[in-house]
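Novice: The structure is given below, and queries will be raised subsequently.
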Amino acid sequence: QVQLVESGGGLVQPGGSLRLSCAAAGYGLSTNAFSTYAMSWYRQAPGKERELVAPITTAGGSTKYADSVKGRFTISRDNAKRTVYLQMNSVKPEDTAVYYCHAHRTYDGMDYWGKGTLVTVSS
């Protein structure tokens, strides 16, 4: 079992920045084991479906971004710390959402979710 704990959410003004973190923990989750998980950030705005924001491959060599955040958000990972980050720059009110961390274990297809962290963009 893997636990994912997001942090870093809060209230930020339009045009500001925020960095979200997702720390992974669990019995037997070594740094090598964590490196076998593909990680992603999703978000769900009020009244909308959950959407994929940015995935990152196991070694961090490949990333993708939703068109709505391309050029503003950056996903990264530190396998030694078993942590994934989402750097959010030039935020907009439409970025307001609960942001969820997702882990996909590549060798057997297991999926894990965090409980989410709320980001509110407002002046």
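Novice: State which residue is nearest to the chain's Cα centre (by Cα) when the search covers only region 95-123 and only residues that are under 17 Å from THR57 (Cβ atoms) and part of a strand (DSSP E or B).
Specialist: CYS101
Novice: Mind checking which residues of region 7-53 are within 12 Å of the chain's Cα centre (by Cα) and part of a loop (DSSP other than H, G, I, E, B)?
Specialist: GLY8, GLY9
Novice: Identify the single condition in (1) open to solvent by less than 70 Å² (accessible area, probe 1.4 Å); (2) at pLDDT below 95; (3) touching a His at 6+ places or on another chain (Cβ under 9 Å); (4) of a type in the set (A, V, I, L, M) that MET39 does not satisfy, given that it satisfies every other one.
Specialist: Looking at each condition in turn, MET39 falls short on (2).
Novice: Report every pair of residues separated by at least 6 positions or lying on different chains whose Cβ atoms are under 6 Å apart, first residue within region 12-23 and within 11 Å of ARG72 (Cβ to Cβ), second modelled with pLDDT under 95.
Specialist: So the pair list comes out empty.
Novice: Tell me yes or no: at least one residue of region 72-93 is open to solvent by 50 Å² or more (accessible area, probe 1.4 Å), in contact with a helix residue (DSSP H, G or I) (Cβ under 7 Å, 6 or more places away or on another chain) and in a loop (DSSP other than H, G, I, E, B).
Specialist: yes
Novice: So, one more: Among the residues of region 56-71 satisfying the criterion of being part of a loop (DSSP other than H, G, I, E, B) and at pLDDT 95 or above, which is surrounded by the fewest Cβ atoms within 10 Å (Cβ to Cβ)? Quick ask: steps written out before the conclusion?
Specialist: Just the residues of region 56-71 that are part of a loop (DSSP other than H, G, I, E, B), to begin with: 57-62, 64-71.
Next, from what is left, pick out any that are at pLDDT 95 or above: 64-71.
Working: LYS64: 13, TYR65: 17, ALA66: 15, ASP67: 6, SER68: 13, VAL69: 22, LYS70: 10, GLY71: 9.
It comes out as ASP67.
Novice: Quick one: which of ALA66, ALA80, ALA97 is more than 22 Å from VAL12 (Cα to Cα) and of a type in the set (A, V, I, L, M)?
Specialist: Details: ALA66 fails: more than 22 Å from VAL12 (Cα to Cα); ALA97 fails: more than 22 Å from VAL12 (Cα to Cα).
Checking each option against the conditions leaves just ALA80.
Novice: Looking only at region 62-101, which residues are among the small types (Gly, Ala, Ser) and under 26 Å from GLY26 (Cα atoms)? Reasoning before the result, please.
Specialist: Restricting attention to region 62-101, the residues satisfying the condition of being among the small types (Gly, Ala, Ser) are 62, 66, 68, 71, 76, 80, 90, 97.
Listed by number, the residues that qualify are SER62, SER76, ALA80.
Novice: Given (1) under 22 Å from PRO93 (Cα atoms); (2) surrounded by 14 or more Cβ atoms within 10 Å (Cβ to Cβ); (3) out of contact with any Phe, Trp or Tyr (no Cβ under 6 Å at 6 or more places or on another chain), where does LEU11 come up short, assuming only one miss?
Specialist: (2)
Novice: Scan region 42-70 and report the pairs whose first residue is under 23 Å from SER17 (Cβ atoms) and whose second residue is open to solvent by 90 Å² or more (accessible area, probe 1.4 Å), with Cβ atoms within less than 6 Å and a gap of 6+ or a chain change.
Specialist: Close Cβ pairs satisfying both conditions: TYR42/ARG50; GLN44/ARG50; PRO55/LYS64.
Novice: Still on this model: Given the conditions (1) in a loop (DSSP other than H, G, I, E, B); (2) in contact with a His (Cβ under 9 Å, 6 or more places away or on another chain), and given that LEU4 satisfies all but one, which numbered condition is not satisfied?
Specialist: Tallying (1) in a loop (DSSP other than H, G, I, E, B); (2) in contact with a His (Cβ under 9 Å, 6 or more places away or on another chain), LEU4 fails exactly one: (1).
The values are calculated or read from the model by the stated rules, or taken from the named source; none is laboratory data. These numbers come from a predicted model, not from an experiment. All Cβ positions, even for glycine, are placed from backbone atoms using ideal geometry, and neighbour counts span all protein chains on display. To get the accessible areas, we keep the full protein, side chains included, count just its heavy atoms, and leave off ligands, DNA and RNA. Shrake-Rupley method; radii C 1.70, N 1.55, O 1.52, S 1.80 Å.
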